[in-house]
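One structure below.
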Amino acid sequence: MKLAPLNTVGNAHDDSVWTAAWVPATDESPPLLLTGSLDETVRLWNPDGPQKLQTNTGHCLGVVSVAAHPSGRIAASASIDSFIRVFDVSTNNTIATLEAPPSEVWQLQFNPQGTTLAAAGGGSASVKLWDTAQWQLTATLSVPRLEGLKPSEKTGSKKFVLSVAWSPDGRQIACGSMDGTISIFDVTRAKFLHHLEGHNMPVRSLVYSSAPLDARVLFSASDDGHIHVYDTEGKTLISSLSGHSGWVLSVDVSPDGMAIATGSSDRTVRLWDLKMRAATQILTGHTDQVWSVAFGPSLKTDVRSCLLASVSDDKSLSIYKYS
């Protein structure tokens, strides 16, 4: 397996690029890429080129997360302005504006069925769920404190929820907090199940395995420099991958489930072979920290290949071919 760098857009935004997400193909459109930036905009790209298709305004502070609906027709962006904007991908028309109290919307993710949008709830120490039919808040999944800790201002603030991921069947949600804990919820019962421990610094990115036999496997990226592989059902740490010399800011899994990519404050993108449990490639194209890495869908021309995007504080967007 390898990543072949294809193209880089130098000034993809006017400021740091914090987030990237692929929009699935539709009958009218190939897979596209969304990026969000400190410059308060969301941009839509055709990865061929890459060619900028449109710039979406509407936030009045930096954009911390973008997410696309599985239909490929709608998407959402979250900003430090504490608004989530839901919009039509092709026209950029606003479909809904969801408001949260200050610092209570961070990472966004639609469930695989497309019926629910989850948002990491930041200072609310929860995950918030909106239904995509009426855009009503349907549930708030609160992260409980670890047993034995006396409630204090300190432990409360450390439960700040930064990251969120859906299991492939849409029945579970994982969220990562500032204190390094990961919480697992049963979504159908809106019930907290358990914590996964092992990180001791913020968990900024989570993704469940895409391999059919590994649907309970969760990958986490943390400021402690490690990527953890958990069995979410057995509550066990399967392995810990290290090699980055800085915070690990983002992790994503390849469509074939054989590899993960990570982005770090050490300015590198790394490709990890999950069988070998080791980094097989280190890409040094970015000149500042890499905030987000995202694998695209399998290529029509070659189902064993796909594209990977990375975005950085250096304002650039890079596209690679994974095969």
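The values are calculated or read from the model by the stated rules, or taken from the named source; none is laboratory data. This structure is a prediction, so every number in the text was calculated from the model and none was measured. Glycine also receives a Cβ, built like all others from the backbone with ideal geometry; neighbour counts cover every protein chain displayed. Surface areas here come from the heavy atoms of the whole protein model, side chains and all, with no ligands, DNA or RNA. Shrake-Rupley method; radii C 1.70, N 1.55, O 1.52, S 1.80 Å.
Tabulated values for the structure
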| item | result |
| --- | --- |
| Pairs, first closer than 17 Å to Pro5 by Cβ in the range 26-53, second open to solvent by 60 Å² or more (accessible area, probe 1.4 Å) and basic (Lys, Arg), C-beta under 9 Å, six or more apart | Trp45/Lys52 |
| Given (1) farther than 29 Å from Ser305 by Cβ; (2) in a loop (DSSP other than H, G, I, E, B); (3) in contact with a strand residue (DSSP E or B) (Cβ under 7 Å, 6 or more places away or on another chain), number of the condition Arg189 does not satisfy | (3) |
| Selection count, the range 23-39, where residues are assigned to a strand (DSSP E or B) and either of a type in the set (Gly, Ala, Ser) or open to solvent by 30 Å² or more (accessible area, probe 1.4 Å) (or both) | 2 |
| Members of the range 207-225 that are closer than 23 Å to Arg304 by Cα, part of a strand (DSSP E or B) and of a type in the set (Ser, Thr, Tyr) | Tyr208 |
| Pairs where the first residue, in the range 190-214, is modelled with pLDDT under 95 and the second is open to solvent by less than 20 Å² (accessible area, probe 1.4 Å) and β-branched (Val, Ile, Thr), C-beta under 7 Å, 6+ apart | Glu197/Thr181; Ser210/Val253 |
| Any chance Met178 is surrounded by fewer than 18 Cβ atoms within 10 Å (Cβ to Cβ) and over 30 Å from Gly10 (Cβ atoms) | no |
| Residues (surrounded by fewer than 23 Cβ atoms within 10 Å (Cβ to Cβ) and more than 22 Å from Thr19 (Cα to Cα)) located in the range 197-222 | Glu197, Gly198, Asn200, Ala211, Pro212, Leu213, Asp214, Ala215, Arg216, Val217 |
| Hits in the range 40-70 (condition: of a type in the set (D, E, K, R), at pLDDT 95 or above and outside any strand (DSSP E or B)) | Glu40 |
| Candidate set from the range 181-194 (those that are open to solvent by less than 30 Å² (accessible area, probe 1.4 Å) and not β-branched (Val, Ile, Thr)); member that is farthest from the chain's Cα centre (by Cα) | His194 |
| Any chance Ala133 is open to solvent by 10 Å² or more (accessible area, probe 1.4 Å), modelled with pLDDT of 95 or more, outside any strand (DSSP E or B) and closer than 24 Å to Thr26 by Cβ | yes |
| Lone qualifier among Tyr230, Tyr320, Tyr208 - being out of contact with any Lys or Arg (no Cβ under 7 Å at 6 or more places or on another chain), within 30 Å of Gly49 (Cβ to Cβ) and among the aromatic types (Phe, Trp, Tyr) | Tyr320 |
| Matching strands (runs of 3 or more DSSP E) fully within the range 226-323 where at least 2 residues are at pLDDT 95 or above and open to solvent by less than 10 Å² (accessible area, probe 1.4 Å) | 226-231, 248-253, 259-264, 269-273, 290-298, 306-312, 317-322 |
| Residue check for Gly114: outside any strand (DSSP E or B) and either open to solvent by less than 60 Å² (accessible area, probe 1.4 Å) or under 30 Å from Thr284 (Cα atoms) (or both) | yes |
